[in-house]
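S.K.: Sharing a structure, written as structure tokens. Questions coming.
The values are calculated or read from the model by the stated rules, or taken from the named source; none is laboratory data. As the structure is a computational prediction, the values presented were derived from the model and not from experiment. So basically every Cβ, Gly included, is an ideal-geometry build from the backbone, and we count neighbours across all protein chains shown. Surface accessibility is based on the protein's heavy atoms, side chains included, excluding ligands, DNA and RNA. Shrake-Rupley method; radii C 1.70, N 1.55, O 1.52, S 1.80 Å.
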Amino acid sequence: MIKSAPKEAAQKRIRIALAGNPNTGKTTLFNRLTGARAKVGNYPGVTVDRHFGEIQLAHSGRAELQDVPGTYSLSARSAEEQLALCAIAGIPPLERPDLVVVVLDATQLERNLYLALQVIELGLPVLLALNMFDRLEPEQLRIDPKALSKTLGVPAVGLCAQTGLGMSELLSAMDDALVRPESARASAPWLPKGQGIDKDLEAIAKCIPGAWLPQESQAKDQNRKQALALWALLSIDENDELEGIPLDLRQCVLDRRNAATADNRETDKEVIRARYEWIEASAPSFLIESGDAGQSWTDRVDRILLHPALGFGIFLLLMGVVFQSLFTWADPAIGWIESLVGSVGGFVESQLPTGLFSELIVSGVIEGVGSVLVFLPQILLLFFFIGLMEDTGYIARVAFIMDRLMKLLGLHGRAFVPMLSGYACAVPAILGTRTMERRRDRMLTMMVVPLMTCSARLPVYGLLIAALVPPGDNRSFTQGLLMVAMYLFSTVIAFIAAAVLGRTLFKGPNVPLLLEMPPYRRPHFASVLRMMLQKSSVFVREAGTVIMACTIIMWALLSFPRQDQVSEAPPSAVQSEQVAGAESQSGLQLRQSYAGRIGRWMEPTIEPLGFDWKIGIGLIGAFAAREVFVSTLAIVYDLSEDEDENSLALRDKIRNERRSDGSKLYTPLVCLSLMVFFALACQCMSTLAVVKRETNSYRWPAFMFAYMTVLAWVASFIVYQGGKLIGFS
Amino acid sequence: MISSTRCLSDLAIGDTACLVDLDGERSFKRRLMELGMLPGTLIRVIRRAEVGGVLELEVRRSRLSLRMGEARGILVHAVAEPEPDPSR
């Protein structure tokens with residue numbers, strides 16, 4: 001998915017990687033350096049955003065800056081975590097950077113240096129960017145960048161990414177490091193020494209594949225081998241989810257680890273301890289601490305926001321605002337997009353000669369694009385809120401507050417925000433699962449989010465609840481109660497599904513919670529806005545293509561074979577559409593279309609739920625998107641397409657619809673069964689398309705579709721047959 | 001001023017302790033150590049959310065949260081608080 005950069009004639013492209021711990025302001029720095037010229041793509045094989053942009057340096061010229069996902073360490077358990085090493089060391093298919101800028105939070109230097117040491121070990125040119133330098137004085141700290149640079153052997157610059165302080169120094173230091181790379185390369189005096197570990201590393205180094213090495217000189221390769229052997233020793237084990245590890249390397253590490261354990265040695269501890277002991281021993285030369293860590297402001301805020309009762313209440317209130325705004329603020333924008341798409345479609349239709357091509361363009365392509373664009377307002381809003389929560393540091397508190405409930409359900413603490421967003425729309429909610437690092441947590445959340453009552457179910461519920469109530473009777477209280485009951489029902493089922501799936505299919509070791517609670521910071525609005533735009537454009541570009549393809553297929557199913565192809569009526573009668581009446585024409589077309597045939601073919605399977613083949617057609621239409629059910633039913637019952645859900649005519653038609661034996665079709669029980677079906681069935685191509693994109697496989701969307709459909713069928717069956725048994729009709 | 005070995009989960013808010021040993025799944029233990037929680041490291045308990053079952057700690061000037069369940073696998077020596085915190 002990554003566009004390869006245009007090759008500059010005979011000149012190697014300069015690449016700079018930006019690495020660092022989470023919460024160090026790395027993204028703010030990246031945005032400040034690259035300005036508006038940043039792009040976002042995807043790393044090959046995993047769903048991790050890849051940000052890159054261009055910067056201009058005085059002597060080195062143009063360089064490409066890549067934002068490496070934030071990490072506390074290069075050691076990895078999963079393919080996602082492995083990316084950091086691959087991007088920094090340039091392990092294929094990722095390109096090798098010419099310089100690695102490590103961003104450090106100067107107020108937590110010791111811990112941040114741990115990652116810096118690992119990067120330096122790789123023997124690459126490294127530059128340390130000490131961010132939040134302006135926070136040192138209030139926290140009674142002092143850092144001497146020159147002394148730090150001397151101790152570590154690589155250049156270091158103090159700066160503040162939020163205000164822009166020290167940016168020119170950073171740029172010239174980057175330039176220097178690129179012009180004289182040897183000045184930014186250091187050896188690693190902190191590596192653990194000892195008979196056991198030396199032998200381990202020597203053996204593992206022999207298995208490091210040649211493609212992972214710089215292949216520049218013997219010495220550099222040897223250095224890199226040593227560092228990668230350390231990485232392998234700390235990362236590989238029986239349960240890891242790493243990718244592209246050669247079998248002999250894996251076996252060698254496993255053997256060495258087993259031998260070490262038998263010897264009563266803990267290799268992880270030996271290595272990590274060696275690095276930290278070196279940091280502690282050398283810190284006095286560049287770091288002066290004259291007081292205790294002062295997070296008094298954050299502490300005071302947390303006393304309220306993490307309060308067992310008050311904190312929970314405030315969180316629910318905030319979520320209420322998010323939820324409400326997804327509905328109310330996005331609604332007018334959705335209306336504009338819909339009418340814009342409608343008028344574009346109308347204009348194109350008037351310009352093109354009537355026929356199949358015009359129908360394909362209008363009903364297939366334009367409506368397909370429209371069905372993607374209507375998600376934009378909600379996606380933009382949701383990512384605005386998620387961005388704000390991430391930027392201020394509140395998202396860590398959400399996980400803290402929600403941990404117990406979510407753990408009970410087998411979900412990650414951060415799953416709560418996507419679950420709640422699912423009430424508005426599953427598509428942005430699924431995109432929002434990216435705030436969770438582990439694949440299992442993400443997958444589990446993704447699988448249950450579509451069970452939440454999204455806004456697309458509302459028109460269907462509205463129609464069916466209205467049909468439930470006899471004409472003239474205005475029992476709005478009952479109607480409201482039914483609506484609330486549907487929300488509760490979907491939530492309870494989603495929780496149960498999470499608990500069941502989390503204990504079966506997504507069974508894994510109970511994942512320990514380990515959260516960093518960063519100090520509260522003022523959000524950087526430019527960064528929040530940029531993230532919001534980038535996430536949305538990724539959605540439009542990638543999910544959009546799939547959604548559009550599906551819309552075109554649905555259109556084809558509903559419009560082929562053409563009515564005039566199967567009709568025995570003379571052609572002249574077909575052509576005079578106005579005379580014959582467009583409504584019955586489209587109704588006839590639908591019945592004879594493939595969708596109509598499938599509807600009749602599937603009738604036996606939905607009969608036990610109380611549905612007939614006409615409802616079956618509605619269900620096929622609803623597979624594209626739930627709200628299509630209403631317009632499809634309108635066509636089925638010979639009404640014009642633009643009849644909306646509030647139309648009395650459609651309600652009355654439904655109320656009066658009879659089975660072949662003359663009994664009423666839409667009895668309260670059938671309506672209830674149908675609503676339960678809609679609550680649980682996965683009738684949303686956009687959701688499936690997004691799941692396909694996020695999981696990078698067809699298996700998961702297929703599984704989601706299958707399990708939700710089976711669940712919906714069984715639940716509707718129980719409602720209808722059970723209801724009949726106890727005497728309802 | 002070192003008392004007997006205890007679980008991290010038994011400490012009260014404001015207590016400072018010296019880490020003795022870690023227990024748990026490999027990747028969790030590794031991550032704890034990489035975040036600076038090694039034998040000999042000083043840890044202070046900032047918050048105990050009894051309802052949520054989560055513990056907030058200060059380690060090397062940064063704040064970390066973990067569950068009581070996992071904190072039971074972390075052994076510490078309680079260290080007497082050197083000076084009373086005036087804000088409490």
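S.K.: Could you go through segment A:447-453 in sequence order and give the Karplus-derived ³J(HN,Hα) for each residue, using 6.51 cos²θ - 1.76 cosθ + 1.60 with θ = phi - 60°, rounded to whole Hz, and x for Gly and Pro?
M.R.: 5, 9, 4, x, 7, 5, 5
S.K.: Which value, in Å² and to the nearest 10, is the accessible area of B:CYS7 when all protein chains are kept and the probe is 1.4 Å?
M.R.: Per-residue accessible area (B:CYS7): approximately 30 Å².
S.K.: May I pose another question? Roughly how many whole Å is it from the C-alpha centroid of segment A:144-206 to that of segment A:226-295?
M.R.: Between the Cα centres of segment A:144-206 and segment A:226-295 lies a distance of 18 Å.
S.K.: Mind ordering A:431-440, A:655-664, A:359-368, B:11-20 by average Cβ neighbours within 10 Å, highest first?
M.R.: My ranking of the peptides, most packed first, is A:431-440, A:359-368, B:11-20, A:655-664.
S.K.: Which residues of segment A:384-406 show a drop of at least 10 Å² in accessible area when all protein chains are present, compared with their chain alone (probe radius 1.4 Å, heavy atoms only, ligands and nucleic acids excluded)?
M.R.: With the partner chains in place, segment A:384-406 has these residues losing at least 10 Å²: A:PHE400, A:ASP403, A:ARG404.
S.K.: Report the local net charge at A:LYS193: Lys and Arg +1, Asp and Glu -1, summed over other residues whose C-beta lies under 13 Å from its C-beta.
M.R.: Charge balance near A:LYS193 sits at -2.
S.K.: Next question. Would you mind giving the mean number of other chain beta-carbons within 10 Å of the Cβ of each residue in A:65-75, as a whole number?
M.R.: For this peptide, the per-residue mean of nearby foreign Cβ atoms is 1.
S.K.: Same structure again: In nm, give the distance between the simple-model label positions of A:SER358 and A:ARG13, each being 7 Å from the Cα along the Cα-to-Cβ direction.
M.R.: With each label point 7 Å from Cα toward Cβ, the separation is 4.6 nm.
S.K.: Using Cα pairs under 8 angstrom and six or more residues apart, how large is the relative contact order of segment A:14-184, in percent?
M.R.: 23
S.K.: A follow-up question, please. Other chains near A:307-313: what is the mean number of their Cβ atoms within 10 Å of each residue's Cβ?
M.R.: Other-chain Cβ atoms within 10 Å of each residue's Cβ, averaged: 2.
S.K.: Short version: which residues of segment A:252-292 lose at least 50 Å² of accessible area, all chains versus chain alone, 1.4 Å probe?
M.R.: A:LYS269, A:ILE272, A:ARG273, A:TYR276
S.K.: Moving on to the next point. Can you say what percent of the DSSP beta bridges in the protein assembly as shown, counting only those with both residues inside, are antiparallel? Round to 5.
M.R.: 70
S.K.: For an R0 of 25 angstrom, estimate the FRET efficiency from the Cβ-Cβ distance between A:GLU137 and A:GLU169 and round to the nearest 0.05.
M.R.: 0.85
S.K.: Moving to a separate point now. Near A:ALA58, within a Cβ-to-Cβ distance under 11 Å, what is the net charge of the other residues, with Lys and Arg +1 and Asp and Glu -1?
M.R.: Cβ neighbours under 11 Å give a net charge of -2.
S.K.: Which value at 222 nm does chain A reach when only helices count, each DSSP H run of 4 or more adding -39,500 (n - 2.57), with the total divided by all residues and rounded to the nearest 500 deg cm²/dmol?
M.R.: Value at 222 nm, helices only, nearest 500: -18000 deg cm²/dmol.
S.K.: Expressed as an acute angle from 0 to 90° and rounded to the nearest 10, what is the orientation of the C-alpha long axis of helix A:376-392 relative to the principal long axis of chain A?
M.R.: It works out to around 30 degrees.
S.K.: Can you tally the net charge around B:MET33? Count Lys and Arg as +1, Asp and Glu as -1, for every other residue whose Cβ sits under 9 Å from the Cβ of B:MET33.
M.R.: +3
S.K.: With angles folded into 0 to 90 degrees, how steeply does helix A:668-680 sit against the dominant principal axis of chain A? Use alpha carbons for both and round to 10.
M.R.: 20
S.K.: Ignore the peptide's own chain and count Cβ atoms of other chains within 10 Å of each Cβ in A:112-125; give me the average, rounded.
M.R.: That works out to 1 on average.
S.K.: Another question about this same structure. Return the residues of segment A:490-528 for which accessible area with all protein chains present is lower than in the chain on its own by 40 Å² or more; set the probe to 1.4 Å and exclude ligands, DNA and RNA.
M.R.: A:PRO512, A:LEU513, A:LEU514, A:MET517
S.K.: Longer than 32 Å from Cα to Cα, which of A:LYS507/A:LYS692; A:LYS225/A:LYS269; A:LYS220/A:LYS692; A:LYS150/A:LYS535 are they? Say none if no pair is.
M.R.: As for pairs spanning more than 32 Å Cα to Cα, those are A:LYS220/A:LYS692; A:LYS150/A:LYS535.
S.K.: Would you work out which of A:ALA259, A:TRP278, A:PRO214 lies farthest towards the positive end of the dipole of segment A:196-324? Charges go on Cβ: Lys and Arg +1, Asp and Glu -1.
M.R.: A:PRO214
S.K.: Please work out the average accessible area per residue across the protein assembly as shown, using the 1.4 Å probe convention, and give it in Å².
M.R.: 43
S.K.: I've got another one for you. Which values, in whole Å and largest first, are the semi-axes of the equivalent ellipsoid of segment A:195-289 obtained as the square root of 5 times each eigenvalue of the Cα gyration tensor?
M.R.: Output for segment A:195-289: semi-axes of 25, 19, 12 Å.
S.K.: Something else about it: If packing is taken as the average number of other Cβ atoms within 10 Å across a peptide's residues, how do A:372-381, A:167-176 rank, most packed first?
M.R.: Packing proxy ranking, top to bottom: A:372-381, A:167-176.
S.K.: What's the angle, to the nearest 10 degrees (0 to 90), between helix A:685-695's Cα axis and the longest principal axis of chain A?
M.R.: Value to nearest ten degrees: 20.
S.K.: Moving to a separate point now. For the pairing of chain A with chain B, what total accessible surface becomes buried, with a 1.4 angstrom probe, in square angstrom to the nearest 100?
M.R.: 3900
S.K.: What Kirkwood radius, in Å to one decimal, follows from the Cα pairs of chain B?
M.R.: Here the Kirkwood hydrodynamic radius works out to 13.0 Å.
S.K.: How would you order A:233-241, A:25-33 from highest to lowest mean count of nearby Cβ atoms within 10 Å?
M.R.: A:25-33, A:233-241
S.K.: Please work out the Cα center distance from segment B:55-71 to segment A:421-469, rounded to the nearest Å.
M.R.: Taking the Cα centre of segment A:421-469 as reference, the centre of segment B:55-71 is 33 Å away.
S.K.: Here is a follow-up. So, with a 1.4 angstrom probe, what is the percent of accessible area on the protein assembly as shown that is carbon and sulfur?
M.R.: In the protein assembly as shown, the share of accessible area belonging to carbon and sulfur is 60 percent.
S.K.: So how compact is segment A:14-184: Cα radius of gyration and Dmax in angstrom?
M.R.: Calculated on Cα positions, Rg and Dmax stand at 14.8, 45 Å.
S.K.: Mind listing the Cα extents of chain A along all three principal axes, in Å, largest one first?
M.R.: Between the extreme Cα coordinates on each principal axis of chain A lie 91, 60, 50 Å.
S.K.: Would you calculate a helix-derived [θ] at 222 nm for chain B, using -39,500 (n - 2.57) for each DSSP H run of n ≥ 4 and dividing by the full residue count, to the nearest 500?
M.R.: Computed ellipticity for chain B at 222 nm equals -3500 deg cm²/dmol.
S.K.: Under a plain spin-label model, where a point goes 7 Å from the Cα along Cα-to-Cβ, how far apart in nm are A:PHE560 and A:ILE598?
M.R.: If labels sit at A:PHE560 and A:ILE598, their model points lie 1.3 nm apart.
S.K.: Another question, if that's okay. Given R₀ = 22 Å, FRET efficiency for A:LYS150-A:LYS220 by Cβ-Cβ distance, to 0.05?
M.R.: The value I calculate is 0.45.
S.K.: One-quarter of the Cα convex hull surface for segment A:197-239, in nm²?
M.R.: Averaging across all directions leaves 3.2 nm² for the Cα convex hull.
S.K.: Moving on. With each label point set 7 Å from Cα along the Cα-Cβ vector, what nm distance links A:ALA211 and A:VAL710?
M.R.: Output for this residue pair reads 3.8 nm.
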